[in-house]
Number of protein chains: 4
Amino acid sequence: MKFRGVVPPVVTPLTADGALDVVSFERSINRMIDAGVDGLFVLGSSGEVVFSDDARRREVIENAVRIVAGRVPVMVGIIDMTTKRCIEHARVAQELGADAIVATAPFYAILGPKEIKRHFRLIHEAVDLPMFAYDIPVCVHVKLSPALILELAREGVLAGVKDSSGDDVSFRFLTQARDEEGLDLALLTGHEVVVDGAYMSHADGSVPGLANVDPVVYVEQWRAYQAGDWDRVRELQDQATRLMRIVQVTNGEVGYAAGVGAFKTALMLLGVFETNTMPEPVLALEGENVEAVAQVLRSSGLLK
Amino acid sequence: MKFRGVVPPVVTPLTADGALDVVSFERSINRMIDAGVDGLFVLGSSGEVVFSDDARRREVIENAVRIVAGRVPVMVGIIDMTTKRCIEHARVAQELGADAIVATAPFYAILGPKEIKRHFRLIHEAVDLPMFAYDIPVCVHVKLSPALILELAREGVLAGVKDSSGDDVSFRFLTQARDEEGLDLALLTGHEVVVDGAYMSHADGSVPGLANVDPVVYVEQWRAYQAGDWDRVRELQDQATRLMRIVQVTNGEVGYAAGVGAFKTALMLLGVFETNTMPEPVLALEGENVEAVAQVLRSSGLLK
Amino acid sequence: MKFRGVVPPVVTPLTADGALDVVSFERSINRMIDAGVDGLFVLGSSGEVVFSDDARRREVIENAVRIVAGRVPVMVGIIDMTTKRCIEHARVAQELGADAIVATAPFYAILGPKEIKRHFRLIHEAVDLPMFAYDIPVCVHVKLSPALILELAREGVLAGVKDSSGDDVSFRFLTQARDEEGLDLALLTGHEVVVDGAYMSHADGSVPGLANVDPVVYVEQWRAYQAGDWDRVRELQDQATRLMRIVQVTNGEVGYAAGVGAFKTALMLLGVFETNTMPEPVLALEGENVEAVAQVLRSSGLLK
Amino acid sequence: MKFRGVVPPVVTPLTADGALDVVSFERSINRMIDAGVDGLFVLGSSGEVVFSDDARRREVIENAVRIVAGRVPVMVGIIDMTTKRCIEHARVAQELGADAIVATAPFYAILGPKEIKRHFRLIHEAVDLPMFAYDIPVCVHVKLSPALILELAREGVLAGVKDSSGDDVSFRFLTQARDEEGLDLALLTGHEVVVDGAYMSHADGSVPGLANVDPVVYVEQWRAYQAGDWDRVRELQDQATRLMRIVQVTNGEVGYAAGVGAFKTALMLLGVFETNTMPEPVLALEGENVEAVAQVLRSSGLLK
């Protein structure tokens, strides 16, 4: 199975005026590959896909494919509101050399399971790339049921799932059904705080946003899991969880501004990014919030 | 005040293979203008904005502006996930001759009031068109508070609101605060089943999707309201509400497929549209569901 | 039809140590009856039913029935988590002389329509009193569908609905279906800010918490509606809506503390209640919050 | 720490006419104690607490305390809508010999964190028993934040948490903060399908409803965890997860009817319960649904 192990969703660095900061992008990608990640996922939620116009999406993919240069597979988010636009993005991804695409259910318009399945099938027919379903109800406001996922997996429409559903019970039922049927379906968790539990639940890997900040801890954790060293898996999770507090220590910020804002700020403090600029209409963390992130980095030993 | 009265959100007719059906579009727009509507809103939710790629959006605006030819103002939905893309759409709308733009808060990414306000301000700065906020939490998953709307109205960022929030209590508080402050803010309701109540609540007009099917009833209702004939306002509402059952009589369909699906089917049955084709991944109503819509039209006297 | 017009949900006055303040209760009830209300609803949500133990419920009913002394019908809330306890409360209500009972769907346990219907049927079988369904999803977390309500009305299980669902569209469909079927089903709105819209929607009356503070405005509004004077209906609604700001002007309080807290504070300021004591674990409004309520009362002319 | 390990929420057996089936209750409790559970939790959600009147609550506690006879600690749910009634239930629990009480936040009335904290504090002051917070937003519609829990733990108000929140990320942050502060706070998971992940997250035990059906698997899992045998922990979880499908195989049932209905049906099929009678207004599983549960039991080897 090609898509397994640690596949960070790549945070997109911006210059102060909002352009793609290619130098920082290269530094960050190389840092993660050097740490041993098994793949990279660009244009995910934390890769600011929904803040990107078509030119920016293309720029991110082109640079990612060029920088990665085949060292690991590159997954590309084709997230958009409905099928037609997703197919446009999927074709661009394929043209530019992506190894897989990642799509959510449609959103904004209220659709049922019938339409959601047709959405994935139509995308699948339009390109020659394996597709992952991105299950992220906090953004899409629909949960992909295990039954729906399994049906599409049996048809060959889905190659895997990036699960950011927060529903660990459903995830466990899904992995078990997948194993009993012997389906070729890669099930990756997006919850960086409980990756150890996901591995217990037979996840095939993780897609941790926090791995942009500390890729080593997740790579070591994956290797410990492969070696059957569960105590070490847990110990590394505890370490990552302490670091994840960067998303909780800011004041006056919520959601994306607090979460990806903290990732970008940490990457700036670590010298990986030049700036912590956020995409409009989000503003970068400032002042005491930057210091709060720095303190977590220091207490985690990542920053002196 | 330019944007008041009945401003239907224009349903977009498609040919059997999914192209814009320009002939039906012209027929439908002219039918509504002939009935006396006060404006038209293209590329709204029921105008399938989120199902449209950039070329289709442009095609819809160009044709609408051409067909309307200044007879009534044309409002254009610039709905997209975040600011950058909304500004792109807003500039196209301005270039193509729109009279106003309609924008929701950002969606998919989780943002707070701070970012939502900045989103509207940035769009406002980018174009020279009056902007309506589109408050539709069932799609955007955030409710625009009266306080937020009033703040942006005072700044001149918002010229009005299309309220599809389903929160009639909040709407009443909003109209009252607007009147007390004397703000120039057009407050239109998007709930075609309770327009009479919205007029009681000092709405400046309505944006009824059902007016595509029966524009006359809403125009007469508005005129009755202007004449102070509340019994007639209510009577016409009762009539419209009976017709609105077309969205409830289908089996096996939910959300967009049931709602806009019924509108398109009714327009086909009335000879206004050639087909009831829906945008992918939604399928058109068929068989017994078409017949169910026809029965409502017959009992409403619209169809023989 | 016995249950129509203005039926305030009676706010329950407490002494400083949390006992029922019978003197204030009598004063408030008489004040509302003198103003011309058509009924009274004790032990509703704002009557702190869920904060009351069995002894307090009994005490409230006994005193209400005694004070009212047949001048208007007394409706009694029998709200509790599931059927068995609701039936206990219903029997007490009947024993103590209630004219009708008001029940929600079960809550806490997750039940479907099948169980909700059986719940209402079992209560109906257990007592000889007309029953109103209390549709309040903000508390019960389920919306009673028009179809469910109509089915129970046809069976004679429900005599009416107190609608606090906030779903004015659904309410309109419900009144229309009721009228077309000719069902004997009293449909009362619980939203004091949009009673005029509810009357437009053929509501049979209102259950406005705010009528505890100002019963006159709602009684006059009902009479204006009966007289067909819609402009006056609206004008009185505007007046009531301005007064309703007492629930919005406090700081640091949410939900029940802000809402019923403001009602009790207003009643204290008006000399109807001795204290604004709230049931545990809620604390009474204090200091600047009391002053904020007072200012609204003054600007409404209720307080000098 | 007294409250750790496997503490099943005891399912309450009923006779065909809805009385407490004391013989089955005794058989089931003894079966779980014989299997080695570390405690028992009566009158939890699956113990039908909200379906029970005061007499039934008392009957359940008395019988449980008598049957258990000190062999393991007995935790008693005091779940009710608000503080006053919870305190009544808490006092009864203390009087009848409970070892701990379990309380949710208030529900139905909309209260904020201030009132929720006061609620727990007032209960704590009223009795001399350790108290667990029951975090079950699917029923209570509020999530207890780690910050709120930690504050109450520092004050000695809370001795532990039964976490049925479904929020494994929050749970991990909570256990980590608890460990860093060295608080004496027992954190138990209520999610029987992912207990292994909860143990990875430093849970102190589990409260698995499914342990009524198969107590052995959870006891063995706990012992494997204590022995550091993570592979066995996972293997036993997989086994339990397969058995948990009894709640998914029924048709036409949702929520409580499908979940606790399946537990009762399995216990009847295993000869532990005489009937699978459910509390009103819920009906017992019948016909093909009983057979579907039986098939899962057979394929799990529990039934011949």
Checklist entry - Any idea which of (1) open to solvent by less than 10 Å² (accessible area, probe 1.4 Å); (2) out of contact with any Asp or Glu (no Cβ under 8 Å at 6 or more places or on another chain) is the one A:Val6 doesn't satisfy? => result (2)
Checklist entry - From the list A:Gly228, A:Gly190, A:Gly205, which residue is on the phi > 0 side of the Ramachandran plot and touching a residue at least 40 places away in the same chain (Cβ under 8 Å)? => result A:Gly205
Next on the checklist: Can you confirm whether D:Arg118 is within 11 Å of chain C (Cβ to nearest Cβ) and open to solvent by 40 Å² or more (accessible area, probe 1.4 Å)?
Outcome noted: yes
Next on the checklist: For B:Lys84, only one of the following conditions fails: (1) part of a helix (DSSP H, G or I); (2) within 14 Å of chain A (Cβ to nearest Cβ); (3) open to solvent by less than 30 Å² (accessible area, probe 1.4 Å). What is its number?
Outcome noted: (3)
Checklist entry - Which residue, of C:Val207, C:Val233, C:Val282, is under 16 Å from C:Arg4 (Cα atoms) and crowded, with 22+ Cβ neighbours inside 10 Å? => result C:Val207
Checklist entry - Applying the selection to the stretch B:122-147, what residues are within 30 Å of C:Leu236 (Cα to Cα) and surrounded by 20 or more Cβ atoms within 10 Å (Cβ to Cβ)? => result B:Phe132, B:Ala133, B:Tyr134, B:Asp135, B:Ile136, B:Leu144, B:Pro146
Checklist entry - Which pairs have Cβ atoms under 7 Å, sit 6 or more apart or on different chains, and link a residue in the stretch A:1-29 that is basic (Lys, Arg) to one that is open to solvent by less than 40 Å² (accessible area, probe 1.4 Å) and not in a loop (DSSP other than H, G, I, E, B)? => result A:Arg4/A:Ala186; A:Arg4/A:Gly205
Next on the checklist: I'd like to verify a number: residues in the stretch A:87-107 that are more than 10 Å from every other protein chain (Cβ to nearest Cβ), of a type outside the set (Gly, Ala, Ser) and surrounded by 23 or more Cβ atoms within 10 Å (Cβ to Cβ), how many?
Outcome noted: 3
Item to check | Test: C:Val260 is more than 9 Å from every other protein chain (Cβ to nearest Cβ) and either on the phi < 0 side of the Ramachandran plot or of a type in the set (Gly, Ala, Ser) (or both) | outcome: no
Checklist entry - Is one or more of the residues making up the stretch B:15-27 closer than 21 Å to B:Tyr199 by Cα and surrounded by fewer than 23 Cβ atoms within 10 Å (Cβ to Cβ)? => result no
Next on the checklist: Could you check the stretch D:35-71 and list, in sequence order, the residues that are more than 12 Å from D:Gly97 (Cα to Cα), part of a helix (DSSP H, G or I), of a type in the set (D, E, K, R) and open to solvent by 20 Å² or more (accessible area, probe 1.4 Å)?
Outcome noted: D:Asp54, D:Arg56, D:Glu59
Item to check | Residue pairs meeting the criteria (Cβ under 6 Å; at least 6 apart or on separate chains; first within 13 Å of another protein chain (Cβ to nearest Cβ), in the stretch A:135-161; second open to solvent by less than 10 Å² (accessible area, probe 1.4 Å) and among the polar types (S, T, N, Q)) | outcome: A:Val140/A:Thr104
Next on the checklist: Quick check on D:Met268: is it in contact (Cβ under 8 Å) with a residue 60 or more places away in the chain and of a type in the set (A, V, I, L, M, F, W, C)?
Outcome noted: no
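The rows are residues; the columns are (1) among the aliphatic types (A, V, I, L, M); (2) within 13 Å of chain C (Cβ to nearest Cβ); (3) part of a helix (DSSP H, G or I).
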position	(1), (2), (3)
B:Val193	yes, yes, no
B:Ala198	yes, yes, yes
B:Ala203	yes, yes, no
B:Val216	yes, no, yes
B:Val219	yes, no, yes
B:Ala224	yes, yes, yes
B:Gln237	no, yes, yes
B:Ala240	yes, yes, yes
Checklist entry - Between residues in the stretch C:281-304 that are part of a loop (DSSP other than H, G, I, E, B) and residues that are aromatic (Phe, Trp, Tyr) and open to solvent by 30 Å² or more (accessible area, probe 1.4 Å), which pairs lie under 6 Å by C-beta distance while being six or more apart or on different chains? => result none
Checklist outcome for this item: If you go through C:Thr104, C:Thr189, C:Thr83, C:Thr175, the only one that is under 30 Å from D:Ser164 (Cα atoms) and either modelled with pLDDT under 95 or in contact with a strand residue (DSSP E or B) (Cβ under 8 Å, 6 or more places away or on another chain) (or both) is C:Thr104
Checklist outcome for this item: Of the conditions (1) under 21 Å from the mean Cα position of the chain (by Cα); (2) crowded, with 22+ Cβ neighbours inside 10 Å; (3) outside any helix (DSSP H, G or I), the single one that A:Ala266 does not satisfy is (3)
Next on the checklist: Quick test for you: out of A:Ile110, A:Ile79, pick the one residue that is within 14 Å of another protein chain (Cβ to nearest Cβ) and open to solvent by 10 Å² or more (accessible area, probe 1.4 Å).
Outcome noted: A:Ile110
Item to check | In the stretch D:1-45, the residues that are small (Gly, Ala, Ser) and over 15 Å from the mean Cα position of the chain (by Cα) | outcome: D:Ala16, D:Gly18, D:Ala19, D:Ser24, D:Ala35, D:Gly36
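The values are calculated or read from the model by the stated rules, or taken from the named source; none is laboratory data. In this text, all values refer to a predicted model and were calculated from it rather than measured experimentally. Counting neighbours? That spans all protein chains shown, and the Cβs are built from the backbone with ideal geometry, glycine included. Note: areas computed on protein heavy atoms with side chains; ligands, DNA, RNA excluded. Shrake-Rupley method; radii C 1.70, N 1.55, O 1.52, S 1.80 Å.
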